[in-house]
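Note sheet for the following structure.
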Amino acid sequence: VARNPHTLWERLDRDALATLRGIESLMSKYEYVPVEVLERRVRVPGPRLARALNLLNSLKLIRRKLGGIVGYTLTYTGLDVIAYDALRRRRVLAALGERLGVGKEGEVYLGVTPEGDYVVVKFHREGRRSFSHIRRLRHYATSVDRKQWFRLAKLVGEREYKILVVLDELGALVPRPVSWNRNAVVQELVPGVDLYKVKGGLDPDVARQVFDDVVETVRVAYQKAGVVHGDLSEYNILVSEDGRGYVIDWPQYVYREDPQAEELLRRDIQYLVSYFRRKYGLQATPEEVLAYVKGG
Ligand SMILES: Nc1ncnc2c1ncn2[C@@H]1O[C@H](COP(=O)(O)OP(=O)(O)OP(=O)(O)O)[C@@H](O)[C@H]1O
Ligand SMILES: [Mg+2]
C-alpha cells in the first residue's frame with residue numbers, strides 16, 4: 001500500500017483537496033463531520049463533493065460513518081496529505097521519496113525541495129503513542145482529549161520544530177530545522193547512519209567523538225535551553241559521515257523544572273554511558289557525566 005503522502009497527493013484534484021481541508025477545519029467541532037455541514041463549508045457543488053468524498057474515502061484519507069447521519073472524519077494520512085500540500089504551496093517541498101523511519105510514532109520520509117536539495121520530513125502520529133508516553137506531553141496539552149488526536153499531532157510537530165530552532169541556534173549538533181506545518185516537520189538531512197546500525201562498530205576515536213558530541217548537546221540542552229531530551233538512546237543518535245554525533249527525535253523533551261526532568265536526565269545519561277561502555281569500552285561513569293551536564 002502506498003501511504004507516501006506525495007503519491008496520495010498526486011491522486012487528488014482541487015475539489016478533493018478543498019474537501020479534505022474542509023473536513024479538517026470542522027474536526028474541532030465534530031468527531032464525524034455531517035455531510036450537510038460540510039456542504040455549507042466547502043464551495044464544491046453536491047455531485048462533485050460526493051465524488052471527492054468517495055475518492056478521499058477510497059484512499060483512506062477520511063473515514064465514513066454511516067448511520068443516522070452520514071459523517072466523515074480525518075485520518076492520520078489525511079492530515080499528512082494536508083500538511084504536505086501546505087508545504088508544497090509554501091515551496092518548501094517538491095516531492096517525497098523513500099521512507100526512512102519504520103516506527104509507529106511517526107512516519108519519516110526523505111524529501112526533496114524545489115531546488116533539488118534533500119531534506120527529512122517527519123509526520124507525527126502522537127495520538128497512537130502509548131498512553132504513558134503521551135502523558136508527558138499532556139503537561140503541555142491538558143485540554144487535548146483522545147478524540148482530538150490531530151491537535152496533539154500538530155502540537156507535537158510544533159514542539160519538535162521549535163526546540164530544534166532553539167538547539168540549532170545554540171550550536172548543538174541537531175538537524176537544522178527547515179519548516180513545519182501541522183504535524184509535519186521538515187529538517188536538514190544529516191548524511192550518515194543511525195548509531196545502532198553502524199556495522200562492525202566505530203573506530204575508537206570516532207566513538208569517543210560521537211560520545212563527547214552527544215554529552216555536549218545534552219549539556220547545552222540542559223543548561224542553555226533548559227530541556228532534557230527524555231528518550232536518548234542509540235536509536236536517536238546519528239553518526240554523520242564526518243564522524244560527529246547528532247541527537248535527533250526531540251519532541252518528547254521536558255523542561256528542567258518538570259518534576260520528571262531529573263529522572264529522565266539520569267536515564268538518558270545512563271543509557272548513553274552504558275551503551276558506549278558495552279560497545280566501545282568507554283570508561284565514563286554516569287555520575288561524572290551528570291555532574292558535567294549540570295555543572296557550571
Ligand atoms: N535529520 C535526519 N537526517 C537523517 N536521517 C534522519 C533524520 N531524522 C530522522 N532520520 C532517520 O529517520 C529515523 C526516524 O527518525 P526519528 O527518530 O526522528 O523518528 P521516530 O519518531 O523515532 O521514528 P521511528 O519510530 O521510525 O524511529 C531515524 O532513526 C533516522 O534513521
Ligand atoms: Mg527515533
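A few remarks follow.
- Relative to the Cα centre, the charge distribution of the chain, modelled as +1 at Lys and Arg Cβ and -1 at Asp and Glu Cβ, gives a dipole magnitude of about 1600 debye.
- Entry note, the chain: relative contact order of 12 percent, from Cα contacts under 8 Å with a spacing of 6+ residues.
- Exposed-loop-free span, longest in the chain, where trypsin sites (Lys or Arg not before Pro) count as exposed if DSSP calls them loop and at most 12 other C-beta atoms lie within 10 Å: 200-296
- Computed from the Kirkwood radius of its Cα pairs, the Stokes-Einstein diffusion coefficient for the stretch 193-296 at 20 °C and 1.002 mPa s stands at 157 µm²/s.
- Along each principal axis, Cα extent of the stretch 150-207, largest first, Å: 43, 25, 15
- Where only alpha carbons of the stretch 1-50 are counted, the Rg and the Dmax (Å): 11.9, 33
- Over all Cα atoms in the stretch 143-258, the spread is summed up by Rg and Dmax: 15.0, 50 Å.
- Placing unit charges on each Cβ (+1 for Lys and Arg, -1 for Asp and Glu) gives the chain a dipole about its Cα centre, and among Y255, S179, V35 the Cα reaching farthest toward its positive end belongs to V35.
- Taking each of K154/K224; K122/K294; K65/K122; K122/K162; K29/K162; K122/K279 in turn, the alpha-carbon distance tops 20 angstrom for K154/K224; K122/K294; K65/K122; K29/K162; K122/K279.
- P(r), alpha carbons of the stretch 203-243 - 5 Å bins starting at zero, rounded %: 5, 21, 28, 24, 14, 6, 1
- Rg to Rh, two decimals, where the stretch 25-101 supplies the alpha carbon set and Rh follows Kirkwood: 1.03
- Charged neighbours of E188, selected by a Cβ distance under 11 Å, balance to -1 (K, R count +1; D, E count -1).
- Over the chain: Kirkwood hydrodynamic radius from C-alpha pairwise inverse distances, Å: 20.6 Å
Laboratory data are not the source of any read-out in this text; all were calculated from the coordinates shown. Nothing here was measured: the structure is a model prediction, and the numbers come from that model. We place every Cβ from the backbone using ideal geometry, glycine too, and count neighbours over all the protein chains shown.
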